[in-house]
Amino acid sequence: MAALAHVVAEDSGVGFVPQPGQQLFYDEAAACIHLIEGRMITAVALPPAHAAAAPGAGAGRHRASLSRDLSGYDSDTSIASSTARAFLVSEGPPVRHIRSSLDGAFTALHRSARLVEVHCHATGNMFVEAAGADKAGRRGGEPQLLGFFWTAAHFVMVTAAGLEVHSVLPSLQGLRLESSLPMQGVQWYTYSPETHMVVLGFGSSGAKLQAIQFSKAGTLKLPLLDLTPPWGSPIRPAVAAAVSAALDGFSAVREQPARLVGPDTCWVAVLYGRVFCCHHDRAAGLLRLHRLFRDATSLAHTYEVYARQLELSVVDNVLLVHHIDSAVVMLIDIMAPGATPISSPLPLAVPLGEPANGEAVLGLAGARSGLGAAAPSADAAAVLLPPPGASALQLHYPCWLVDGAGGLVYRLQLDLRAIADSTSEHTRLLAFLQRRRPSTVAGRDAAGITLRALRGLIQGEAPLPELRAAFDVVNGFAAEAAAAAAAGSRQSNGSAGSSRAGTPPPGGATARQPPPPRPVVTPQDAYNSGFALLRAQGACRPAYLQAALAEYLASLCCHGAQVAPSLAALYVDLLLDQGLPHLVAPLLLSHPQLDSVVLAEHLEEAEGTGRLYGGTQLAEQLLERLGAAEARCRLLLRAGRVRQALLLARRERLIGQLAPAALIDAAAGQGDLLLEAAAWRVIGAAGTGPALLTT
């Protein structure tokens, strides 16, 4: 069955009751949604963005209804887990934007061109501040207030003249200007709470980007990123000034349309711990990812998107490019080779909701633009289709989908199984799966989907070079994960207390936290859910299965992984299935890495069933090579070679590990009194004879 969607919207368990004329504002830093209805403002808390939704989360959804009581409390106690706060505001201009402090103590409202209204939830007080004041309180002009945001310690206003960094003084009911970063001609901005970084767009077309990062140590001004055509590439300020002076007389070149870059075409995204400034070039139909470093910027990736309107989301380090025009989602993995998406773009699947008007039809709208209506499908999911008009769904970074009409909040998730079913490049797919987080959900179980893909390759009898490449991908990632875990363990043991807290630096800085766990496919997993299952089902020829197992074992050895004993035993069984018992001995002699106690027991069992003549002798030789004296002694006892077992037990001092009664019984069973007496002497010399006699 063809995949209907690669990205699904799962119920996050958070909801609200929509009201006529209700305003909805998403606050990424405070992890909440602000609902405004008249004078009442309610903040609905969101779960962690990267947490997996529990099965059946929608059954216990909490809807935050807006109370008509002026006390600000709602009579429905079921909203306690989702409603962060509710408060009243004064009559005035409509709210343009709203953001809460990281600790939830303050909420700021943007209601005019210059004024900010700050509410203190601890005291219930409210004060109004204006942008453009210096440290002495003097007004230096009338700068336009573009917006504001909260950091861990400050309240930052963004104006056309730059940034104003304030401290909040609750006792004085006001703000105190700590510092300012002047920058003329700021046209727009976007703030990333994940990186504590703000990007300011200035210049005649808003295409000159200045990234500033906030930390406990202060502010860090990153190099200028100039996206003005015809360059459209990173450029340092000195070089930009020289180029601008050189083109002074060429008016045709210097004339640019207004706002080539804006908050609807620029995003700050974190992928695999790397910070990128993503720019959508609408004219060229390209999405460019500029990597941000402390001392440089670099164009890292370019992708063709062929769309006029985009929205970006990030799920499990995969960049989701939502095509607003065609209502499809393109998946981009920056670690994958080439500039092509992981799979063909498909619509976003949204569960059928029950809006207040009773119509079970959903649409999709970007956080800054509209996207189509959805039509219900046969499997009770709404697949997005191009719409005639605006709709009620909103996309919010990094992975939220809010249905304002139905009062539902969804979390975007990848359907890895659907991605695997629609991808024909197996090595590329397997590498993509190994980079995903482990999960117990069937559609996101990367390890299980990896084993499923490997089974499909073996069952389809893929060419051995292609199969070996697939094995190398899986085992290579497993080896990297094991090495990273070992290095992390050594580092934590050697420098436990030497880590410093602070804002992670952008770009190529080394990670201070251990890497996220990977869905490692172990050799035992490959045996249980791969080779053994295919042999039991008779899904492919034994000869090909043997060749595939040989390639897998060779891949394990190349990557320094330990061969699972069950795989070696399975290799022997495949030889016996084909009537080739004479190849078992050469195999064991030429591949000592296959030796194990489990394999020796398997060889002994094969001789007992009549499938392998001389299996016990091969098992004894194997155990001798391993130096497994105790297992070899037990093998000799089972084979009736009591004299050799006694000699080995005395030489290796194994009487304490073996049961003395078993030795005596084995010697007595031979009918040789001298052998039985020798057994008693060996046991007595080991100091266990008297204890045996007393029992």
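The values are calculated or read from the model by the stated rules, or taken from the named source; none is laboratory data. Model, not experiment: these values are computed from the prediction. Counting neighbours? That spans all protein chains shown, and the Cβs are built from the backbone with ideal geometry, glycine included. Ligands, DNA and RNA are excluded from the accessible area calculation, which covers all protein heavy atoms including side chains. Shrake-Rupley method; radii C 1.70, N 1.55, O 1.52, S 1.80 Å.
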- prompt: Of these, SER326, SER313, which one is assigned to a strand (DSSP E or B), touching a residue at least 60 places away in the same chain (Cβ under 8 Å) and not charged (D, E, K, R)?
  reply: SER313
- prompt: Looking at LEU612, LEU574, which one is assigned to a loop (DSSP other than H, G, I, E, B) and open to solvent by less than 20 Å² (accessible area, probe 1.4 Å)?
  reply: LEU612
query: Scanning for something out of contact with any Cys (no Cβ under 7 Å at 6 or more places or on another chain), open to solvent by less than 20 Å² (accessible area, probe 1.4 Å) and not in a helix (DSSP H, G or I), does segment 562-569 turn up at least one residue?
result: yes
task: Count, please, the residues in segment 119-159 that happen to be more than 34 Å from the chain's Cα centre (by Cα), modelled with pLDDT of 85 or more, open to solvent by 30 Å² or more (accessible area, probe 1.4 Å) and under 24 Å from GLN187 (Cα atoms).
output: 3
- request: Taking only segment 537-554 into account, find how many residues are crowded, with 21+ Cβ neighbours inside 10 Å and farther than 25 Å from GLU607 by Cα.
  value: 2
message: Just the residues that are within 15 Å of MET183 (Cβ to Cβ), more than 28 Å from the chain's Cα centre (by Cα) and among the small types (Gly, Ala, Ser), please, taken from segment 206-222.
response: GLY206, ALA207
message: It is to be established whether one or more residues within segment 206-224 are in a strand (DSSP E or B) and β-branched (Val, Ile, Thr).
response: yes
- request: For segment 422-447, name all the residues that are outside any loop (DSSP other than H, G, I, E, B) and crowded, with 19+ Cβ neighbours inside 10 Å.
  value: HIS426, LEU429, LEU430, ALA431, PHE432, LEU433, GLN434, ARG444, ALA446, ALA447
message: Can you say whether SER215 is at pLDDT below 85 and polar (S, T, N, Q), as far as the supplied structure shows?
response: no
task: Specify the residue that is nearest to HIS602 (Cα to Cα); the eligible residues are those in segment 638-652 that are among the small types (Gly, Ala, Ser) and not in a helix (DSSP H, G or I).
output: ALA639
task: Starting from residues that are within 36 Å of the chain's Cα centre (by Cα), surrounded by 18 or more Cβ atoms within 10 Å (Cβ to Cβ) and closer than 16 Å to LEU24 by Cα, keep the ones in segment 86-118 and report whichever is modelled with the lowest pLDDT.
output: ALA86
message: I'd like the full set of residues that are assigned to a loop (DSSP other than H, G, I, E, B) and within 19 Å of TYR397 (Cα to Cα), limited to segment 329-348.
response: ASP333, ILE334, PRO347, LEU348
- prompt: Would it be correct to say that VAL275 is β-branched (Val, Ile, Thr) and within 21 Å of GLN394 (Cα to Cα)?
  reply: no
field: Answer residue from segment 615-630, given it is surrounded by fewer than 16 Cβ atoms within 10 Å (Cβ to Cβ) and farther than 22 Å from HIS582 by Cα and is farthest from the chain's Cα centre (by Cα) among those
entry: GLU630
- prompt: Of the residues SER298, SER377, which single one is surrounded by fewer than 18 Cβ atoms within 10 Å (Cβ to Cβ), at pLDDT 90 or above and out of contact with any helix residue (DSSP H, G or I) (no Cβ under 9 Å at 6 or more places or on another chain)?
  reply: SER298
statement: Of the candidates LEU583, LEU588, the one satisfying the condition of being open to solvent by less than 60 Å² (accessible area, probe 1.4 Å), aliphatic (A, V, I, L, M) and either in a helix (DSSP H, G or I) or touching a strand residue (DSSP E or B) at 6+ places or on another chain (Cβ under 6 Å) (or both) is LEU588
- prompt: If you go through segment 209-217 one residue at a time, do you hit one that is open to solvent by 30 Å² or more (accessible area, probe 1.4 Å), of a type outside the set (S, T, N, Q) and over 17 Å from HIS279 (Cα atoms)?
  reply: yes
Test for ALA405: is it of a type outside the set (Phe, Trp, Tyr) and in a loop (DSSP other than H, G, I, E, B): yes
message: Among the residues of segment 592-609, what is the count of those that are touching a residue at least 24 places away in the same chain (Cβ under 8 Å) and open to solvent by less than 70 Å² (accessible area, probe 1.4 Å)?
response: 10
